[in-house]
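The values are calculated or read from the model by the stated rules, or taken from the named source; none is laboratory data. These numbers were taken from a predicted model, which means no experiment stands behind them. When we count neighbours, we look across all protein chains shown, and the Cβ atoms used for this are built from the backbone with ideal geometry, even at glycine. These accessible areas exclude ligands, DNA and RNA; they are computed on the full protein's heavy atoms, side chains included. Shrake-Rupley method; radii C 1.70, N 1.55, O 1.52, S 1.80 Å.
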Amino acid sequence: MTVVSAWIWVATRPARDEAKARADLRANVEARQQRLVRAAADGVLHDAEIVQIFPPGKPAKGLVDIRRQGESVTVIAEMLGLGPPRTFIFVHETVVEGCYAFRISPPAHGAPRVCVRQLPDKTCAAGAPSSAPTR
């Protein structure tokens, strides 16, 4: 019974590690969303503020593109989630990446609204268009 339990625990560890990495990714996305709300609270969201919120994190690119349309701003960023580190001969950890669009709408009454949606990974993999700010 102990051997079977240990085998099941070892066999399901990759799935548990990936679930923890995905939870970390969601937490990172929510944290960036809140930082965007605070940065846009004064009614103006500068490119420099956005660059500070989305630094690159290896292997994720971080900020990919900034698109402005009227008073709305859409930020496209590749985000990173890390699972717990594991040691077996070498230290490794599960890494998940996701491409997200953060749409910041101007404040109507109070705080600005930031809507987040996940994009296909190929959107971030294609890289930034020539209009992206330099870091």
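If you roll a 1.4 Å probe over the heavy atoms of the protein chains, what accessible area per residue do you get for region 32-84, in Å²? List each step's numbers first, then the result.
Working: 2680 Å² over 53 residues.
Each residue of region 32-84 exposes 51 Å² on average to a 1.4 Å probe.
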Could you give the Stokes-Einstein D for the chain in µm² per second, using the C-alpha Kirkwood radius, 10 °C, 1.306 mPa s?
96 µm²/s
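Which value in deg cm²/dmol, rounded to the nearest 500, describes the helix-derived mean residue ellipticity at 222 nm for the chain, given -39,500 (n - 2.57) per DSSP H run of n ≥ 4 and division by the residue count? If you can, show how the numbers build up before the last one.
Values: 3 runs with 50 residues, N = 135.
Helix contribution divided over all residues of the chain: -12500 deg cm²/dmol.
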What are the trypsin sites (Lys or Arg not before Pro) within region 10-105 that DSSP puts in a loop, where the Cβ has at most 12 other Cβ atoms within 10 Å?
none
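I need the GluC sites (Glu not before Pro) found in region 12-108, filtered to DSSP loop residues with at most 15 other beta carbons within 10 Å of theirs. Don't skip to the answer; put the middle values down first.
Numbers: sites: 18, 30, 49, 71, 78, 93, 97; in loops: 71.
Those satisfying the criteria are 71.
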Measure off, as a whole percent, the carbon and sulfur share of the 1.4 Å-probe accessible area of the chain, all protein chains present.
58 percent
